[in-house]
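For reference, the structure discussed in these notes is given below.
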Amino acid sequence: MVQQVRRAGRGGLQAHAIVYAVKQHTKLDPAVKAVLETGITSCLRKALNCHFEEHTTSVDPGHLCCTHCHSVCSCEPEGCGDPTPKYEHFQWEVSSPDKSRMVTPEDKLLIRDLLHNYRSSLLQDNTHLYTVDTACTGFGDELIDAVLEHCAQIFNLNFIIQNLPVFKLEHAKEILRIMYEVFDDIKQSQTILYDDTVVQVGMDYTGYFDEEHEDDQIQSSPSSLESGLSVLRISD
């Protein structure tokens, strides 16, 4: 969610505040929850400012107010003429694949089981989590669903890293290895098969992203290994 916050910087240009909401933060003040829920379907500025002033209004035109007001802005006869910023887009842009394969429902079921088994292997059996396993492993349901959606086009690491919300090179390799096992239509050199030994992750684990090593370098764009939040990056 985005809200316009007056002007900033030497140029006096419009400035915006971006609000990130994490679903696993369940113990929040009721007022904060109300703001997050209200800001999706109505004016975020009103939801925030009503706690500090008796009467508050939205900014006109709507594209200078918040995400919701921008979505319903009608500052011109044909609709809002101000384009929606890239950081308000939350969908991954998937590049067109060079080739594709036939995938049956049974194949997808097998892939889902293998992905869930891999995620379970990232945690010790006796690990007691204070949050969801996705936050601890970086291998979430969103990634699993994305793999199932695009499994017909996954033939190399570049496609996985550039198009799927994968945060570790190790995870990308495992996804490609699973594709190799299920379909057997990928060159073994592409899968970069490695030792199946899984490094057990403890509760004091602080790592999240892999560092690229010389043996693991792949040809990709400089931003290909950035966080999944890169889709929210403000463009120049």
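Of all residues in the range 101-113, those being in a helix (DSSP H, G or I) and either among the aromatic types (Phe, Trp, Tyr) or more than 15 Å from ASP141 (Cβ to Cβ) (or both) number 5. Suppose we keep only residues that are in a helix (DSSP H, G or I) and touching a residue at least 40 places away in the same chain (Cβ under 8 Å) within the range 26-62. Which one would you say is surrounded by the most Cβ atoms within 10 Å (Cβ to Cβ)? My answer is LEU44.
Filtering LEU176, LEU143, LEU114 for residues that are at pLDDT 90 or above, within 17 Å of ILE186 (Cα to Cα) and out of contact with any strand residue (DSSP E or B) (no Cβ under 6 Å at 6 or more places or on another chain) leaves a single hit, LEU176. Could you tell me whether any residue of the range 71-85 is assigned by TED's automatic domain parsing to the domain that holds VAL19, at pLDDT below 85, assigned to a loop (DSSP other than H, G, I, E, B) and at positive phi? Within the range 71-85 (the criterion being assigned by TED's automatic domain parsing to the domain that holds VAL19, at pLDDT below 85, assigned to a loop (DSSP other than H, G, I, E, B) and at positive phi), the answer is yes, since at least one residue qualifies.
The values are calculated or read from the model by the stated rules, or taken from the named source; none is laboratory data. Bear in mind the structure is a predicted one, so any value in this text is a computation, not a measurement. Virtual Cβ from ideal backbone geometry, glycine too; neighbours counted across all protein chains shown.
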